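Q: Here you go, one structure.
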Amino acid sequence: MPLFAQFVIGPPGSGKSTYCAAVQSLLVNSHRPVTLVNFDPAAEFVPYKADIDIRELVNFQKICESEACGPNGALLGCFRVLEDNFSWLTERLPTTENPYLIIDFPGQIELYLSCESIHKLIHRLQTTLDLRAVILNLVDCGRCLDSSSFLSSCLTSLSLLVNLSLPFLNILTKADIYRDSDQFEIDLEEMLSCENLETLMVWNEASKFSALHNAICGLLEDFQLIRYELLSVKDPQLLAAVIREADHACGYLLR
Ligand SMILES: Nc1nc2c(ncn2[C@@H]2O[C@H](COP(=O)(O)OP(=O)(O)OP(=O)(O)O)[C@@H](O)[C@H]2O)c(=O)[nH]1
Ligand SMILES: [Mg+2]
């Protein structure tokens, strides 16, 4: 039986846990079964009731102390514990028809770019449980207000896409704060589609990096690998649209 899942990733504070809580509430209200998984061992608070919680398996503070490392090292240590206790996870997975997981991941990018455990975890879920997952990469609109920050976010998204090798959606969060403001340096609709970047981006032409910037824009446009969906948890239509895209990308709609 296939296991459908949304892996919710993105920088600290981008709105991952808030999105997970909003999806849980919307799906439960539509009588659609969902299992919410907290995979952030360092979370002091999550705004939802987790069905599976990594904090029950591993104690983040104790890992910091026993491995004498800082928070990033301890996070990698926690995922190694999960890797060694894979059955702890599989025993807790739902056995209902068409199980649908929402997994709230930590914000540290190192986890996805340099931690083998995540790749092994995904591989084991794919091979043992017929996992059909989509990555939702959440990015705060506020981090994309100027051309350089937006381009930097695009490159991070591209790097994650290449590294994780799964269906991938980029989501610009907190649209309610920024959508109607004039704070964006480039047009929001063009940002979402990642089209005409070369002409729209605002660079200091005297900068020695402007040729590099233009070349990166050309790469993004030529291969059309990145585009963004808009999200505000306060807007039920935007939230429903993101869930629909995710259902489509992981194959849930075709089950
Ligand atoms: N206005 C508004 N605020 C939001 C939205 N989504 C999240 N937030 C706020 O953004 C802040 C961070 O949200 P979290 O869900 O904790 O972010 P996170 O990505 O889980 O953060 P970490 O777990 O620390 O990596 C909170 O104060 C949320 O209330 C949104 O759509 N609109
Ligand atoms: Mg969180």
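The values are calculated or read from the model by the stated rules, or taken from the named source; none is laboratory data. Note that the coordinates shown come from a computational prediction; the quantities given were computed from them, not determined experimentally. Here the Cβ is made from the backbone with ideal geometry for all residues, glycine too, and neighbour counts use every protein chain on show.
Q: Looking only at helices (runs of 4 or more DSSP H) that fall completely inside the range 139-255, which ones have 1 or more residues that are hydrophobic (A, V, I, L, M, F, W, C), closer than 30 Å to residue 117 by Cα and in contact with a Leu (Cβ under 8 Å, 6 or more places away or on another chain)?
A: Numbers: elements: 147-164, 175-178, 188-193, 197-200, 210-223, 236-250.
Hits in the range 139-255: 147-164, 210-223, 236-250.
Q: In the set 187, 146, 180, which member is surrounded by fewer than 17 Cβ atoms within 10 Å (Cβ to Cβ) and touching a residue at least 24 places away in the same chain (Cβ under 8 Å)?
A: On the way: 187 fails: touching a residue at least 24 places away in the same chain (Cβ under 8 Å); 180 fails: touching a residue at least 24 places away in the same chain (Cβ under 8 Å).
Selected residue: 146, the only one of 187, 146, 180 that is surrounded by fewer than 17 Cβ atoms within 10 Å (Cβ to Cβ) and touching a residue at least 24 places away in the same chain (Cβ under 8 Å).
Q: Do you know which of the residues in the range 167-183 that are under 26 Å from residue 215 (Cα atoms) and modelled with pLDDT of 90 or more is nearest to ligand 2 (Cβ to nearest atom)?
A: Restricting to residues being under 26 Å from residue 215 (Cα atoms) and modelled with pLDDT of 90 or more, the top hit is 171.
Q: Which one of 46, 81 is within 16 Å of ligand 2 (Cβ to nearest atom) and either touching a residue at least 24 places away in the same chain (Cβ under 8 Å) or of a type outside the set (Val, Ile, Thr) (or both)?
A: Selected residue: 46, the only one of 46, 81 that is within 16 Å of ligand 2 (Cβ to nearest atom) and either touching a residue at least 24 places away in the same chain (Cβ under 8 Å) or of a type outside the set (Val, Ile, Thr) (or both).
Q: Related question: Consider residue 210 against the criteria (1) modelled with pLDDT under 95; (2) within 21 Å of residue 9 (Cβ to Cβ); (3) more than 16 Å from ligand 1 (Cβ to nearest atom): it satisfies all of them except one. Which criterion is unmet?
A: (2)
Q: Only one of these conditions is not met by residue 46: (1) within 19 Å of the chain's Cα centre (by Cα); (2) away from ligand 1 (no atom under 13 Å from the Cβ); (3) among the aliphatic types (A, V, I, L, M). Which number is it?
A: (2)
Q: Which of (1) at positive phi; (2) free of Cβ contacts under 8 Å to residues at least 40 places away in the same chain; (3) not small (Gly, Ala, Ser) does residue 194 not meet, given it meets every other one?
A: (2)
Q: Before we move on, is residue 102 under 30 Å from residue 185 (Cα atoms), among the hydrophobic types (A, V, I, L, M, F, W, C) and within 16 Å of ligand 2 (Cβ to nearest atom)?
A: Against the criterion (under 30 Å from residue 185 (Cα atoms), among the hydrophobic types (A, V, I, L, M, F, W, C) and within 16 Å of ligand 2 (Cβ to nearest atom)), residue 102 does not qualify.
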